[in-house]
Number of protein chains: 2
Amino acid sequence: MQRALSLRGAQTPVVEVVRADFSGSDKTRMLSQKAKYALRAVLLLAERQEDEELVLIAEIAEREQIPRKFLEAILVELRKDGILESRRGKNGGYRLARPLDRISFGDVIRSIDGPLAPIRCASRTQFQPCTDCQDVDTCSIRWAMTKARDAMANVLDGWTLADAVRQRHGIGAIPLNFAV
Amino acid sequence: MQRALSLRGAQTPVVEVVRADFSGSDKTRMLSQKAKYALRAVLLLAERQEDEELVLIAEIAEREQIPRKFLEAILVELRKDGILESRRGKNGGYRLARPLDRISFGDVIRSIDGPLAPIRCASRTQFQPCTDCQDVDTCSIRWAMTKARDAMANVLDGWTLADAVRQRHGIGAIPLNFAV
DNA sequence: TTAATGTCTATCGTTTTAGTAGATTTAACG
DNA sequence: CGTTAAATCTACTAAAACGATAGACATTAA
């Protein structure tokens, strides 16, 4: 049975130019624009946090080029999750609710985008089995995704605003677990 | 200036029942349903690959409870990316295009969902700067996301169908880098 | 009281996701 | 050759998520 010969596999492109399109397009997959804005905002607050002053939404919006109204919603979420504090009224504004070294990238991302895990059944903070799952305990997809989540969480929960600010200013070494 | 007292932080819920809602809802974030189907399909083919036989789409669909027509599209993508081979016509069907130990979870996920990186500027296979990026080289978000991507890729590219099948059958040890 | 500020609620257009339907091509077999 | 069993291609659709916007409302300092 020599049928291997007639099998259709990947078309190895005869000319490479063929591969020049955007197959796979522009899927964001994971970090939403919203979470990216959140990180930028929080990072800005981190730079300011020394001078005990509150920072205006308007200022954050302008400096980071984030749509004002959209940013408002983001900041409210971060406040509800205990990452930011705010005061309303005249002289109001925002600031970080905790010291720089106690706010991680993971905290911010979870606040805006939800669990870090690629799939709910691999989440440690928001576990939920797939509706069509046959056996949660032996599922090898879940197993791999859990490992992936842990690896990612290890990075994102270990990397704090303090680290980012330090890195940005070029002072201080990068933590050991993040060596390249 | 005692303004810390009047700051609004996270509302520590007075009654815990309040927290019973689904804030954060059901965002998939990363692994799409489609990619999950793809992994299930490929895993099934991996179990069958010994007996040189081709497997019907219909059979995969039924066994894995995947909508038939949707599955077709998935298998075509996997074939185009060189993960599967197929033959049409009578006695047609699908099978893996490479040995089990040369197809990783990362391969399958990339084929269906695109780059593993949480954000394009952190992708090694599909790099692209953010349109609003001020400085790609010093961006600390990109930096963190790159580390997260690498950690995740290390897991998903290292975990192959061979590993998954071995694990499923309870024989053979889990590779060192995946020790818990 | 007023002006400056954050907060809440509702809405909206676009893109992505998940899925469906039907016509078409290919290969085996008699 | 004709039939039949398969994959494949093209087009469409409903629902959700995403990114944003608008406007009324609540709070605080001066």
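Computed from the coordinates by the stated procedures, all read-outs in this text should not be read as laboratory data. Note that this is a predicted model, so its numbers are computed, not measured. Using ideal geometry, Cβ is built from the backbone for each residue, glycine included, and neighbour counts are taken over all protein chains shown.
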Subject >> Pairs beyond 28 Å (Cα-Cα), from A:34/B:80; B:69/B:147; A:36/B:34; A:69/A:90 >> reply: A:34/B:80; B:69/B:147
Original post:
If you find the alpha carbon centre of segment A:33-94 and of segment B:125-146, how far apart are they in angstrom?
Top reply: 21 Å
Original post:
To the nearest 0.05, how large is the calculated FRET efficiency for residue B:136 and residue A:68 if R₀ is 30 Å and r is the Cβ-Cβ distance?
Top reply: 0.75
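Tell me the GluC sites (Glu not before Pro) within segment B:43-87 that lie in a loop according to DSSP and have at most 16 other beta-carbon atoms within 10 Å.
Numbers: sites: B:47, B:50, B:52, B:53, B:59, B:62, B:64, B:72, B:77, B:85; in loops: B:52, B:53.
For GluC sites (Glu not before Pro) across segment B:43-87 that sit outside H, G, I, E and B with at most 16 neighbouring Cβ atoms in 10 Å, the list reads B:52, B:53.
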Subject >> Charge dipole (segment A:43-180, unit charges on Cβ, about Cα centre) - positive-most of A:156, A:134, A:66 >> reply: A:66
**OP:** Assign unit charges at the C-beta atoms only (+1 for Lys and Arg, -1 for Asp and Glu), then state the dipole size of segment B:33-178 relative to its Cα centre in Debye, rounded to the nearest 20.
**Re:** 280 debye
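On average, how many beta carbons from a partner chain sit within 10 Å of the beta carbon of a residue in B:30-38?
Details: counts 15, 12, 4, 3, 0, 4, 8, 1, 0.
Whole-number average of other-chain Cβ neighbours for B:30-38 is 5.
Would you tell me the mean number of C-beta atoms belonging to other protein chains that fall within 10 Å of each C-beta in B:109-122, as a whole number? Working shown, then result.
Numbers: counts 5, 1, 2, 2, 5, 7, 4, 5, 4, 13, 8, 5, 2, 2.
Taking the mean over all residues of the peptide, I get 5.
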Subject >> Residue-averaged beta-carbon neighbours from other chains (10 angstrom radius) around B:148-159 >> reply: 6
Original post:
Label-to-label distances across copies for residue B:126, with labels 7 Å out along Cα→Cβ, in nm, shortest first?
Top reply: 2.2
